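The numbers here are math on the coordinates, done by the rules we state, and not lab data. Computed from a prediction, not measured in an experiment: that's the story for all the values here. We place every Cβ from the backbone using ideal geometry, glycine too, and count neighbours over all the protein chains shown.
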Amino acid sequence: MKIVDARVFVCSPGRNFVTLKITTDEGIYGLGDATLNGRELAVASYLSEHVVPCLIGRDPFETEDIWQYLYRGAYWRKGPVTMTAISAVDVALWDIKGKALGQPLYNLLGGRCREGVTVYAHATGRDIEETADEVARHIELGYRAVRAQSGVPGLASTYGVAKHGGTYEPAERGLPTEHVWSTGKYMRHVPKLFEALRVRFGDDVHLLHDAHHRLKPIEAARLGRDLEPYRLFWLEDPTPAELQEGFRLIRQGTTTPIAVGEVFDSIWDAKQLISEQLIDYLRMSVLHGGGITPMKKAAAFAHMYHVQTGCHGATDLSPITMGAALHFDLSIPNFGLQEHMPHTPETDEVFPHAYYFENGYMHPGDVPGHGVDFNEALAEKYPYQRAYLPVNRREDGTLWDW
Ligand code: KDG
Ligand code: MG
């Protein structure tokens, strides 16, 4: 079998997505997600200008060699644009393999290791009460794990909370908006949120929280310690992770489990975090981590150090990534938890998919490949619209991590 065509699509059914479609001489096609929130066109151009010409004529079964060719062969390694592009190719090729062999992807990756994929939902509210009501709603829907984010008194807006209530979507159309941040106000508020949630919901539901890279390691250690009575499933992205040894300070200060890695694009971003057992969950995704091929290796490495996976699954990862992630989650021994942020009905219509939610689990479905399709004609009705993630500043105007 040979690759005869590869095309890049950019569409915006509610938010922007970049999709790669690779077609073979046998008429089988595979789909990959190439979405990098706020920098979509850079990946689209990287793919069409630099990657697609190198794919024509290759055997789509050679996923390892093609991955090495695109990673090592480019000379310039790593980086979110490069790795997102490589991921789109890798996932599309695994999709082709599954379709050619008539097998769901999980059977090519080692087979099922569990009944279904436990997912966590997002509960978000402008205050503690509104967030608690959202936790209640998600428990009702069957979720066994819920991430809770609430507005912080004294701050006009913060990560994870929709300004006017309802569903949260971080990217906004137009140029970046600016938020104002106070570590002190945030750190005083979050323990109150989780105290209220444990009082109302007891111990059975798993509760999670995302600090979204805003703390220094010593502050993260203190927040983790303050949250210990409420037994979080994980505290996510407590601090930016470029300085991997910085996590030693967090570990020395708290036993709250730590999840990191949604912005990682390679195992090299996590090598020390894993080998020193400084984290508990690796959140790198098949999308930004370079595809299924490297994620299988990253998971195997993490397994040696008792680190489990906790793949990123926000709405800026397209349904193609969700489908591929579910096959990956089902087939590895050290799966931990998968994020699930439902897409809009418009997005789901553009990307018809076999995966479904039932009793707190997601199931990838049993169709060949990853089970997610792409409606090209419908996608054309939703052209790209410039959008950015917000920017964060401290109260004195200093630029901060968002
Ligand atoms: O593009 C950025 C979002 O994916 C990110 O802000 C979402 O932190 C996030 C999460 O945990 O889902
Ligand atoms: Mg996050």
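Connecting C-alpha atoms closer than 10 Å in a GNM of the chain, tell me which of Ala241, Ala324, Ala88 has the biggest fluctuation.
Largest GNM mean-square fluctuation: Ala241.
Once you put a point 7 Å from the Cα of Asp25 and another 7 Å from the Cα of Val4, both along the Cβ direction, what distance in nm separates them?
Spacing of the two 7 Å Cα→Cβ label points: 0.9 nm.
Using a 10 Å cut-off around each Cβ, can you sort Met304, Met341, Met1, Met295 from fewest to most neighbouring Cβ atoms?
Placing the least packed residue first, the sequence is Met304, Met1, Met341, Met295.
For a Förster distance of 41 Å, can you work out the FRET efficiency between the beta-carbons of Glu129 and His303, rounded to the nearest 0.05?
It comes to 0.50.
Return the FRET efficiency for the residue pair Glu358, Lys78: r is the Cβ-Cβ distance, R0 is 25 Å, and the value is rounded to the nearest 0.05.
With a Förster radius of 25 Å, E is 0.10.
What does region 132-218 give for Rg and for Dmax, in Å, if only its C-alpha atoms count?
According to the Cα coordinates of region 132-218, Rg and Dmax are 14.1, 42 Å.
Points 7 angstrom from Cα along the Cβ direction at Gln68 and Glu349: gap in nanometres?
4.6
Nearest 10 degrees is fine. How inclined is helix 217-227 to the longest principal axis of the chain, computing both from alpha carbons?
70
Neighbour counts of other C-beta atoms within 10 Å: give me Tyr355, Tyr75 arranged from fewest to most.
Fewest-to-most Cβ neighbours within 10 Å comes out as Tyr75, Tyr355.
State to the nearest 20 debye the size of the charge dipole of the chain about its Cα centre, where the only charges are +1 on K and R beta carbons and -1 on D and E beta carbons.
With Lys and Arg at +1 and Asp and Glu at -1, about 820 debye.
Given springs between every Cα pair under 10 Å in a Gaussian network model of the chain, which of His212, His189, His164 has the largest fluctuation?
His164
So for the pair Gln252, Val391, with labels modelled 7 Å out along Cα→Cβ, what separation do we get in nm?
Label-label distance for Gln252 and Val391, simple model: 3.6 nm.
Give the shape of region 3-104 as rounded, prolate or oblate, defined through the alpha-carbon gyration tensor: a ≥ b ≥ c are the square roots of its eigenvalues, a/c under 1.5 means rounded, and otherwise the shape is prolate if a/b is larger than b/c and oblate if not.
oblate
Can you give the helix-only mean residue ellipticity at 222 nm for the chain, where every DSSP H stretch with n ≥ 4 adds -39500 (n - 2.57) and the sum goes over all residues, rounded to the nearest 500 deg cm²/dmol?
About -10000 deg cm²/dmol.
Counting other beta carbons within 10 Å of each residue's own, what order do Tyr159, Tyr361 fall into, fewest first?
Sorted ascending by nearby Cβ count, the order is Tyr361, Tyr159.
Could you point to the residue in Gly116, Ala132, Pro153 farthest towards the positive end of the chain's charge dipole, with +1 and -1 charges on the Cβ of Lys/Arg and Asp/Glu respectively?
Selected residue: Pro153.
Using only Cα atoms, figure out Rg for region 108-368 and give it as a multiple of 2.2 N^0.38 Å.
0.97
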